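Rule-based calculations on the coordinates, nothing more; no lab input. This one's a predicted model, so the numbers in the text were calculated from it and none came from an experiment. Cβ placement follows ideal geometry from the backbone for every residue including glycine, while neighbour counts extend to all protein chains displayed.
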Amino acid sequence: MNILFLHSSSGLYGASKIMVETIQVLDKELGKVVVCLPDEGDLRKALEDVGAEVIVMPLGILRRKYFNPLGLLNRLYFLLLAAWKIRKLVRKHKIDIVYSNTTAVLAGAIATRFSKVKHLLHIHEIIEKPRFFSKFIAWIIKKWSDKSIVVSNAVKKHWDGVKGGDDGIIKVVHNGIIGDRFATGVRSKVRDEIGIEENTLLVGMIGRVHYWKGQSYFLDLAKEIKDKRNDVKFLMVGDAFPGYEYLYDEINEKIEQLGLTDNVIQMRFRRDIPDIMAALDIFVLPSILPDPFPTVILESMHASRPIVATAQGGALEMIEHNVTGYHVPIGNSKEAIGIFESLLKDKEKREQFGQAGKERVTKEFSVDKYTRRMREELTSLIRPKA
């Protein structure tokens with residue numbers, strides 16, 4: 001089957017990595033693979049390395065900054081333009097399935113309404129506000145997608161609720177990643193780079209800089225820990241979505257206000273995630289809104305790291321509380337520290353939780369399971385009806 005993938009960004013983060021993994025693990029089932037990206041970036045090389053043809057073109061990507069009258073008119077123009085170009089690509093490459101990876105890409109849904117090509121929407125998001133947009137996406141799911149795949153039960157529950165019930169349209173396929181490389185990170189590489197000694201605890205987070213990803217809450221947790229211990233450092237890795245660079249200034253201001261200047265190390269986008277995971281003693285996912293199914297948790301589990309995550313979204317399905325990590329409340333750093341403080345004190349417990357996480361990700365979220373389920377869902381789209 002020939003597939004045209006449409007994606008919303010060129011950064012190599014969660015949904016992007018899953019798309020690369022999908023193309024890589026389904027290589028034998030796929031015919032021609034073409035991927036459209038809205039701009040140049042690290043994702044292009046990763047896609048080309050797994051044999052995809054990459055085309056960079058405007059896709060009318062929806063962002064919150066366009067949620068105003070002029071912005072919506074702008075998006076409508078670029079969506080229609082993108083849909084027209086996508087139809088030309090479909091004909092040129094004899095595409096069987098247009099695969100929209102994230103709800104920010106809607107041009108594919110428009111393009112396939114006027115052809116016999118199937119449309120698959122792979123949903124990695126839980127969108128609660130603005131309500132009109134959430135309702136609009138639910139309508140797209142019901143009316144303009146031949147199949148919708150979601151990454152977790154939390155995502156399915158949300159979208160079934162918005163569209164008024166479980167009508168069988170949405171299928172859950174938990175992400176799986178090729179995780180062997182995350183067990184091969186070298187602990188000393190990043191520690192030497194940032195000047196962290198072996199006996200200093202390193203607590204870190206990895207994620208796009210965005211208000212809901214919880215960088216601010218991570219700093220609140222860091223402050224609580226610093227007030228109790230002087231042997232802990234904190235690492236924040238990730239860059240901002242275009243248009244959100246102002247958040248760097250807010251983060252730096254808060255670091256200074258909390259007296260964390262000597263305790264927090266910041267890095268932008270990094271390719272050496274296995275080495276970063278190896279350097280950490282505890283991984284934290286501090287998202288303050290539902291994070292659908294964070295790929296970085298899978299990476300952390302493959303790296304045998306104990307995980308502390310806010311009690312929301314896919315993290316509730318991925319992490320077994322008090323076995324592979326802890327679920328902690330949002331917005332209450334004192335209570336959160338009380339829940340996972342034992343991990344800071346007990347190296348043996350950190351190792352125990354990390355090993356349990358490795359076993360859980362291998363059993364429950366394996367790439368083999370993911371491949372089998374995705375193969376079933378993709379082939380069912382083009383299989384002739386009996």
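Can you list which of the GluC sites (Glu not before Pro) found in region 20-118 are DSSP loop residues with at most 12 other C-beta atoms within 10 Å? Sites meeting the loop and neighbour criteria: Glu40. Summing charges over all other residues whose Cβ lies under 12 Å from the Cβ of Gly238, with Lys and Arg as +1 and Asp and Glu as -1, gives +3. Among the GluC sites (Glu not before Pro) in region 174-279, those located in a DSSP loop and surrounded by at most 15 other Cβ atoms within 10 Å of their own Cβ are Glu197, Glu198, Glu245. Summed over qualifying helices (DSSP H, 4 residues or more, each -39500 (n - 2.57)) and divided by its residue number, the chain shows a 222 nm mean residue ellipticity of -14000 deg cm²/dmol.
Within the listed set Ile196, Ile23, Ile206, the Gaussian network model of the chain (springs between alpha-carbon atoms below 10 Å) gives the highest mean-square fluctuation for Ile196.
Take every Cα pair under 8 Å whose residues are at least 6 apart in sequence, average their separation, divide by the length of region 180-364, and the relative contact order is 25 percent. Tell me the angle of helix 367-382 to the major Cα principal axis of the chain, expressed in degrees between 0 and 90 and rounded to the nearest ten. Tilt of helix 367-382: around 20 degrees. Seen from Asp42, the other residues with C-beta closer than 14 Å to its C-beta sum to a net charge of +1, counting Lys and Arg as +1 and Asp and Glu as -1. Taking only the Cα atoms of region 333-386, the radius of gyration and Dmax are 20.0, 61 Å. Taking other C-beta atoms within 10 angstrom as a stand-in for reagent exposure, His122, His93 fall in the order His93, His122, fewest first. Largest mean-square fluctuation among Gly164, Gly60, Gly185, in a Gaussian network model of the chain whose springs join Cα atoms under 10 Å apart, belongs to Gly164.
Start at zero, step by 5 Å, and the Cα-Cα distances of region 29-75 spread as 5, 19, 21, 15, 14, 11, 9, 5, 1 percent across the bins. Going from the residue with the fewest nearby Cβ atoms within 10 Å to the one with the most, Met236, Met318, Met57 rank Met57, Met236, Met318. Of the trypsin sites (Lys or Arg not before Pro) in region 224-311, the ones in a loop by DSSP (not H, G, I, E or B) with at most 14 other beta carbons within 10 Å are Arg229, Arg268, Arg270, Arg271.
A cut-off of 5 Å between modelled amide H atoms, ignoring neighbours fewer than 5 places along the same chain, links Cys36 with Phe5, Leu6, His7, Ile55. Every pair of different Cα atoms in the chain enters the Kirkwood calculation, which places the hydrodynamic radius at 21.7 Å. Averaging 1/r over each pair of different alpha-carbon atoms in region 180-364 and inverting the result gives 16.2 Å, the Kirkwood hydrodynamic radius.
For region 1-134, the alpha-carbon radius of gyration amounts to 1.02 times the rule-of-thumb value 2.2 N^0.38 Å expected for a compact globular protein.
How high is the relative contact order of the chain, given as a whole-number percent (alpha carbon pairs under 8 Å, six or more residues apart)?
Details: 718 pairs, mean separation 55.9, N = 386.
Across the chain, relative contact order equals 14 percent.
For region 78-113 versus region 315-386, the spacing of their alpha-carbon centroids is 33 Å. In order along region 311-319, phi translates into HN-Hα couplings of 7, 7, x, x, 4, 5, 8, 8, 9 Hz, rounded to whole numbers, per the Karplus curve 6.51 cos²θ - 1.76 cosθ + 1.60 with θ = phi - 60° and x for Gly and Pro. Calculated on C-alpha atoms, the gyration radius of region 64-130 divided by its Kirkwood radius gives an Rg/Rh of 1.02.
Along its three principal directions, the equivalent ellipsoid of region 280-386 from the Cα gyration tensor extends over semi-axes of 32, 16, 8 Å, largest first. Between the helical axis of 131-143 and the longest alpha-carbon principal axis of the chain there is an angle of about 50 degrees.
Result for the chain in a Gaussian network model with C-alpha springs under 10 Å: among Ser16, Ser342, Ser152, the largest mean-square fluctuation is at Ser342. Straight-distance candidates among the lysines for linking to Lys32, with alpha-carbon spacing under 24 Å and chain neighbours fewer than 8 residues away dropped: Lys17, Lys45, Lys85, Lys88, Lys92, Lys94, Lys116, Lys118, Lys147, Lys369, Lys385. The label-point distance for Asp167 and Val50, in a model that sets each label 7 Å from Cα toward Cβ, rounds to 3.2 nm.
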